[in-house]
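Reviewing the structure listed below.
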Amino acid sequence: MYALIFDEFDPAQRQKRVISVHKTRRTAETALKKRQHRLGKRVWECNTRIVWVHELVRRGDTITPSSFDTWAPDEKVPQGDRVPDGD
């Protein structure tokens with residue numbers, strides 16, 4: 001299951017609030033675009049990201065990094081996300 005989570009990218013803030021839950025990455029991406037539009041911000045300004053959640057969650061729940069990954073098991077990872085940033 002995919003979820004949109006509120007993530008301020010602060011290492012001290014480990015708990016992330018679930019904004020919405022989705023069956024597919026495609027519907028999660030649509031929800032993220034709608035959120036961007038509603039807030040009038042770019043994706044990196046929304047403090048929101050799509051994650052694959054390992055357990056059943058609902059909107060409003062809080063999860064920790066051990067409960068989610070960026071990509072689902074067996075999901076094709078885009079080439080740009082497989083290569084680490086560097087010189």
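The values are calculated or read from the model by the stated rules, or taken from the named source; none is laboratory data. Predicted model only: the values in this text are computed from it and were never measured. All Cβ positions, even for glycine, are placed from backbone atoms using ideal geometry, and neighbour counts span all protein chains on display.
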Going through region 30-62 one residue at a time, which ones are closer than 11 Å to I5 by Cα and in contact with an Asp or Glu (Cβ under 8 Å, 6 or more places away or on another chain)? N47, T48, R49, I50, V51, W52
From the list E55, E8, E29, E75, pick out the single residue that is among the charged types (D, E, K, R), in a loop (DSSP other than H, G, I, E, B) and without any contact (Cβ under 8 Å) to a residue 24 or more places away in the chain. E55
So, in region 43-74, how many residues would count as being touching a helix residue (DSSP H, G or I) at 6+ places or on another chain (Cβ under 7 Å) and at pLDDT below 90? 2
Which one is nearest to Y2 (Cα to Cα) among residues in region 63-83 that are more than 14 Å from the chain's Cα centre (by Cα) and β-branched (V, I, T)? V77
